[in-house]
1. Tell me which residues, restricted to region 31-44, are touching a residue at least 60 places away in the same chain (Cβ under 8 Å) and within 15 Å of the chain's Cα centre (by Cα).
2. Restricting to region 14-46, count the residues that are within 16 Å of ILE111 (Cβ to Cβ), at pLDDT 95 or above and more than 16 Å from the ligand (Cβ to nearest atom).
3. Every residue in region 152-171 that is under 22 Å from ASN232 (Cα atoms), within 14 Å of the ligand (Cβ to nearest atom) and not hydrophobic (A, V, I, L, M, F, W, C), please.
4. Pairs only if they're at least six apart or on different chains, beta carbon under 9 angstrom, first in region 124-141 and farther than 12 Å from ILE158 by Cβ, second near the ligand (Cβ under 8 Å from one of its atoms) and not in a helix (DSSP H, G or I); list them, first residue then second.
5. Give all pairs with beta carbons closer than 6 Å in which a residue from region 63-90 that is in contact (Cβ under 8 Å) with a residue 24 or more places away in the chain meets a residue that is of a type outside the set (Ser, Thr, Tyr) and assigned to a loop (DSSP other than H, G, I, E, B); count only pairs at least 6 apart in sequence or on separate chains.
6. Mind listing just one residue for me: the one in region 172-198 that is in contact with a helix residue (DSSP H, G or I) (Cβ under 7 Å, 6 or more places away or on another chain) and within 14 Å of ASP5 (Cα to Cα) and, of those, farthest from the ligand (Cβ to nearest atom)?
7. For GLN119, are the conditions met, namely being surrounded by fewer than 21 Cβ atoms within 10 Å (Cβ to Cβ) and under 15 Å from LEU60 (Cα atoms)?
Amino acid sequence: MLRTDGRTPDALRKVDITVDFTETTGGSVLINWGKTRVICTALLEEGTMPFLKDTGKGWLTAEYAMLPSSTGGRKKRETLKPDGRSTEIKRLIGRALRQAVDFEALGEKTIWIDCDVIQADGGTRTASITGAYVALALGIKKWMKQGLLQKNPLIHQIAAVSVGINGDTPMLDLCYREDSSAEVDMNLVMDESGAFIEIQGTGEGRAFTADELAQLLSLGKKGIAALMEKQNEAING
Ligand code: UDP
């Protein structure tokens with residue numbers, strides 16, 4: 001079965017990562033993932049969260065927003081408080097990226113990850129996590145060179161992808177049209193060993209079987225391996 005955009009079920013959309021997209025922060029990338037486009041940055045601040053003070057450990061926290069013109073109609077700018085969906089997504093991004101960092105090696109510092117969606121066509125959270133890992137790795141390289149970090153705190157590579165079932169077909173990397181009509185919708189976050197960091201999966205249109213779940217995980221695993229190659233190409237130039 002071919003997809004709304006002609007892809008085969010196991011194909012990713014075209015993913016393109018532009019590094020050093022802005023110069024004012026540690027690491028910065030623009031990730032173009034099909035029609036979804038997200039700016040991801042990593043910034044280092046002295047000091048840790050209050051609950052970690054005097055432990056020698058740092059923290060990583062994330063913010064996420066869709067810009068008003070990133071989707072059809074105007075999305076209200078989240079000036080005061082992120083809406084429920086953005087809060088859920090920023091926490092997911094933070095949990096995912098925290099698995100990449102050794103906080104003792106980081107010391108009492110805070111890494112801020114900011115993900116701003118400039119165009120949304122499905123998979124903005126997976127693009128945010130995948131792009132933010134590249135921004136984080138580039139930021140750490142820069143902070144080590146600048147002498148802001150003594151030890152490399154990067155311990156894992158992290159990427160994320162969506163999978164789902166449309167009709168009865170399990171498929172990788174859903175665009176908005178597919179996502180909005182999917183029976184089953186799932187987001188996977190994995191590390192370089194193929195281990196899972198988070199699985200968000202819902203039978204929105206119908207329940208799914210263990211066999212279908214296995215097919216989705218296998219599609220996701222292949223997608224993440226391809227995404228990790230792209231991340232490494234972007235980081236290593
Ligand atoms: N979307 C939108 N406006 C919103 C929320 C979502 O246009 O306020 C669209 C957007 O294209 C997004 C898609 O719906 O990528 C799927 O949203 P979901 O909450 O599943 O998250 P995502 O797939 O972006 O991680």
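The values are calculated or read from the model by the stated rules, or taken from the named source; none is laboratory data. These figures come from a predicted structure and were not determined experimentally. Glycine also receives a Cβ, built like all others from the backbone with ideal geometry; neighbour counts cover every protein chain displayed.
1. Scanning region 31-44 gives ILE31, TRP33, GLY34, THR36, ARG37, VAL38, ILE39, CYS40, THR41, ALA42.
2. Selection size over region 14-46: 9.
3. Across region 152-171, the qualifying residue is only SER162.
4. THR124/THR36; THR124/MET66; THR124/VAL117; ARG125/SER162; ARG125/ASN187; ALA127/THR36; ALA127/VAL117
5. ALA65/GLU78; MET66/LYS75; MET66/ALA120; SER70/ALA120; THR71/ALA120
6. By that ranking, first place goes to LEU172.
7. no
Yes/no matrix, rows are residues, columns are (1) part of a loop (DSSP other than H, G, I, E, B); (2) within 11 Å of the ligand (Cβ to nearest atom); (3) under 22 Å from ALA226 (Cα atoms); (4) within 13 Å of the chain's Cα centre (by Cα):
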residue: THR48; (1), (2), (3), (4): yes, no, no, no
residue: THR55; (1), (2), (3), (4): yes, no, no, no
residue: TYR64; (1), (2), (3), (4): no, yes, no, yes
residue: ARG77; (1), (2), (3), (4): yes, no, no, no
residue: LYS90; (1), (2), (3), (4): no, no, no, yes
residue: ALA105; (1), (2), (3), (4): no, no, no, no
residue: GLY122; (1), (2), (3), (4): yes, yes, yes, yes
residue: THR126; (1), (2), (3), (4): no, yes, yes, yes
